[in-house]
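This report refers to the structure that appears directly beneath it.
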Amino acid sequence: MTERLEQVLERLVALEVEHRDLDSAIDLLTEAGRADDLQLRRFKKRKLQLKDQINQLKMQLVPDIPA
């Protein structure tokens, strides 16, 4: 496995963990009933950014297939 591939995989795992953590935090804030709307919006925006970054990294892992 190349060093670049290892770096991509490590970054991917870190982003997925952060994404899951944000998902849990959003659920906890929502269930608590005392959710700060601004904080929720920030968490959700960050979660979407993470999802985009995760998808970009996954695309880097897929080899180009000639048409």
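Which angle from 0 to 90°, rounded to the nearest 10, does the C-alpha axis of helix 37-61 make with the longest principal axis of the chain? The two axes meet at around 10 degrees.
Helical runs (DSSP H, four residues minimum) scored at -39500 (n - 2.57) apiece and divided by the length of the chain put the mean residue ellipticity at 222 nm at -29500 deg cm²/dmol. Extension gain for K51 to E18 (0.36 nm times residue separation, less C-alpha to C-alpha distance): 10.9 nm.
If the viscosity is 0.692 mPa s and the temperature 37 °C, what translational diffusion coefficient in µm²/s does Stokes-Einstein give for the chain when Rh comes from Kirkwood over Cα pairs? Estimated diffusion coefficient is 242 µm²/s. Measure nothing fancy, just the Cα-based angle from helix 3-32's long axis to the longest principal axis of the chain, in degrees from 0 to 90, nearest 10. Approximately 20 degrees, to the nearest ten. Using +1 at the C-beta of Lys and Arg and -1 at the C-beta of Asp and Glu, which of V17, Q56, Q7 has the Cα lying farthest in the positive direction of the dipole of region 3-61? The residue sitting most towards the positive pole is Q56.
For the chain, the relative contact order comes to 46 percent (Cα pairs under 8 Å, sequence separation of at least 6).
Since every read-out is calculated from the coordinates, none of them should be taken as a lab result. In this text the structure is predicted, and so the values were computed from the model without any measurement. When we count neighbours, we look across all protein chains shown, and the Cβ atoms used for this are built from the backbone with ideal geometry, even at glycine.
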